[in-house]
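Structure first, then comments.
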Amino acid sequence: MATDKNAELFERARALIPGGVNSPVRAFRAVGGTPRFIERAQGAYFWDADGQRYIDYIGSWGPMILGHGHPRVVEAVQQAVRDGFSFGAPTEREIELAEEIARHLPSVEMVRLVSSGTEAAMSAIRLARGATGRNRIIKFEGCYHGHADALLVKAGSGLATFGHPTSAGVPAEVVQHTLVLEYNNIAQLEEAFATHGADLACVIIEAIAGNMNFVRASVPFMQRCRELCTQHGALLVFDEVMTGFRVGLTGAQGVYARALPGFAPDMTVLGKVIGGGMPLAAFGGPRTLMEKLAPLGPVYQAGTLSGNPVATACGLATLREIAQPGFYEALGQKTRALVDGLQAAAAESGVAFSGDCEGGMFGFFLLPQLPHNYAQVMRSDAARFGKLFHGLLDRGVYIAPALYEAGFVSSAHSDDDIARTVQAAREVFRTLA
Ligand code: PMP
């Protein structure tokens, strides 16, 4: 397949942009080969610089839940652009977006809008620390909460010890308050609370993790997180940057509230879908907590482009579409059909496979059983995944170019797109058998 123009662009990009990309996973480092430079997108497809069309299962890594170029979203954005790009003063649309978010998430009474998930998670942690007067936080191995210094951390050597930076440039002192625990490990969580409970500001978690492919927190684990936080006065922070309005209208917290009546996090971090593909993210929670933010309270947080009028127009138009009755049922069925189809196709060739999905988010592993934590995810064979990725790419199907990323289906994906994807995978699985 010709990739001349992609290769040429990659060459040019690498001369000016580190690694040729503005976010690392785009560089295809994990799977090898030339990244595709995307020229345009419509519905469930995008086209690269060589004119090759792909069925898109990354959807800008989550935001494009309606597919690309949804007419009502495009119209809302065009109107907003005509009215002005940015004012640095409040607008009615920010209220409307906050109302729309709070309407669907009962745990969120007040919302602060920001421009990226990184900013939202970082600010939520500052607020948790400011509100509790405590410094320590718990995060879980394999969960990603953006690239704020205190969150670029991996587990220390012993059980429940404080972490080490995962990036150069992050001083050990900055992560000394971050405790990194194994996902779904109740005993370790209990031990951490027994030792550090009185000093913990918050536990931050991706309840359905999308940054170690797709791994669910078990219901008992989540229940224990909630109980221990409440008991010790720590805040339970749900990072729903990926899952918010993606796994359902009420997010991952809605999924756990169905299993655990009355369940709710203390704070929610949002991004991706709420901006519909524009730079927009948010964090929210109860009024008493959120009123600790500047200008009302002592916790400082700000942003020149926060609540940007074009981004809020895009997000609002997106949220209005997905709130239509039946939206998530249809999306969930499509996503389930994809995962089941892939599973059956793998079985035909005797390829070990396990998959899971919720709403429009899915993950699969070339492993016989679904993993429950990061170490289990990393048992996947990267070389086999690379073959699968390129086999699909050659057949016009674009999945995440790394085995530790989740996938996304949009309402624009047709049954035929799903069937063609499964057929492409069937062909590739034969070569993997
Ligand atoms: N939290 C989660 C769960 C995410 O998936 C991401 C991004 N993939 C972030 C935070 C960071 O968001 P952003 O890339 O917008 O900074």
### Task
Name every residue in segment 121-150 that is among the aliphatic types (A, V, I, L, M), without any contact (Cβ under 8 Å) to a residue 40 or more places away in the chain and within 13 Å of the ligand (Cβ to nearest atom), in order of residue number.
M122, A148
## Note on the structure
F385: passes all of (1) in contact with a Leu (Cβ under 9 Å, 6 or more places away or on another chain); (2) crowded, with 17+ Cβ neighbours inside 10 Å; (3) under 30 Å from L127 (Cα atoms) but (3)
### Task
Identify, by number, the condition in (1) at pLDDT below 95; (2) outside the structural domain of G277 (by TED's automatic domain parsing) that M64 doesn't meet.
(1)
### Task
Please determine, by comparing only the residues of segment 403-433 that are touching a residue at least 60 places away in the same chain (Cβ under 8 Å) and either β-branched (V, I, T) or in contact with a Cys (Cβ under 7 Å, 6 or more places away or on another chain) (or both), which one is farthest from M378 (Cα to Cα).
I418
### Message
Kindly evaluate T118 against the criterion of being surrounded by fewer than 22 Cβ atoms within 10 Å (Cβ to Cβ), at pLDDT 95 or above and either within 16 Å of the ligand (Cβ to nearest atom) or outside the structural domain of D199 (by TED's automatic domain parsing) (or both).
### Response
yes
### Message
Could you tell me how many of the residues in segment 349-380 are under 19 Å from R426 (Cα atoms) and within 23 Å of the chain's Cα centre (by Cα)?
### Response
10
### Failed item, numbered, when N185 is tested on (1) farther than 26 Å from S380 by Cβ; (2) more than 16 Å from the ligand (Cβ to nearest atom)
(1)
### Query
Can you name the residue in segment 253-312 that is aromatic (F, W, Y) and within 16 Å of the ligand (Cβ to nearest atom) and is also surrounded by the most Cβ atoms within 10 Å (Cβ to Cβ) among such residues?
F283
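Yes/no per residue for (1) within 21 Å of the chain's Cα centre (by Cα); (2) at pLDDT below 95; (3) over 21 Å from R126 (Cα atoms):
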residue	(1), (2), (3)
A207	yes, no, no
F214	yes, no, yes
V219	yes, no, yes
M222	yes, no, yes
C229	no, no, no
D239	yes, no, no
## Note on the structure
G233 fails exactly one of (1) farther than 18 Å from Y374 by Cα; (2) within 15 Å of the chain's Cα centre (by Cα), namely (2)
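Considering only segment 276-291, state which residues are hydrophobic (A, V, I, L, M, F, W, C) and either under 14 Å from L236 (Cα atoms) or in contact with a strand residue (DSSP E or B) (Cβ under 8 Å, 6 or more places away or on another chain) (or both). It would help to see each step written out before you state the result.
Keep residues of segment 276-291 that are hydrophobic (A, V, I, L, M, F, W, C), which gives 278, 280-283, 289-290.
Result: L280, A281, A282, F283, L289, M290.
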### Task
Could you tell me whether any residue of segment 312-320 is closer than 20 Å to K272 by Cα, of a type outside the set (A, V, I, L, M) and touching a Ser or Thr at 6+ places or on another chain (Cβ under 8 Å)?
yes
### Message
Among the residues that make up segment 5-14, is at least one of them surrounded by 12 or more Cβ atoms within 10 Å (Cβ to Cβ), modelled with pLDDT under 95 and of a type in the set (A, V, I, L, M)?
### Response
no
### Query
closer than 20 Å to D356 by Cβ, out of contact with any Asp or Glu (no Cβ under 7 Å at 6 or more places or on another chain) and surrounded by fewer than 22 Cβ atoms within 10 Å (Cβ to Cβ): does that describe S167?
no
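Taking the condition of being aliphatic (A, V, I, L, M), more than 16 Å from the ligand (Cβ to nearest atom) and either touching a Cys at 6+ places or on another chain (Cβ under 6 Å) or in contact (Cβ under 8 Å) with a residue 60 or more places away in the chain (or both), how many residues in segment 55-96 meet it?
Let us first name the residues in segment 55-96 that are aliphatic (A, V, I, L, M), namely 55, 58, 64-66, 73-74, 76-77, 80-81, 89, 95.
With more than 16 Å from the ligand (Cβ to nearest atom) added as a condition, the list becomes 55, 66, 73-74, 76-77, 80-81, 89, 95.
Now narrow it down to the ones that are either touching a Cys at 6+ places or on another chain (Cβ under 6 Å) or in contact (Cβ under 8 Å) with a residue 60 or more places away in the chain (or both): 55, 66, 73, 76-77, 80-81.
So the count comes out to 7.
Out of all the residues in segment 127-164, which are within 18 Å of A234 (Cβ to Cβ) and surrounded by fewer than 17 Cβ atoms within 10 Å (Cβ to Cβ)? Let's see the steps before the verdict.
Initially, segment 127-164 is screened for residues within 18 Å of A234 (Cβ to Cβ), giving 127-140, 143, 145, 150-151, 153, 160, 162-163.
Matches in segment 127-164: G133, N135.
This table checks each residue for (1) among the hydrophobic types (A, V, I, L, M, F, W, C); (2) farther than 19 Å from H70 by Cβ.
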residue: P279; (1), (2): no, no
residue: T288; (1), (2): no, yes
residue: G297; (1), (2): no, yes
residue: A311; (1), (2): yes, no
residue: L316; (1), (2): yes, no
residue: V339; (1), (2): yes, yes
residue: G350; (1), (2): no, yes
### Query
From the residues in segment 228-251 that are part of a loop (DSSP other than H, G, I, E, B) and within 11 Å of the ligand (Cβ to nearest atom), which one is surrounded by the fewest Cβ atoms within 10 Å (Cβ to Cβ)?
M242
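The values are calculated or read from the model by the stated rules, or taken from the named source; none is laboratory data. Note that the coordinates shown come from a computational prediction; the quantities given were computed from them, not determined experimentally. Cβ sites come from the backbone with ideal geometry, for glycine too, and all protein chains shown count toward neighbours.
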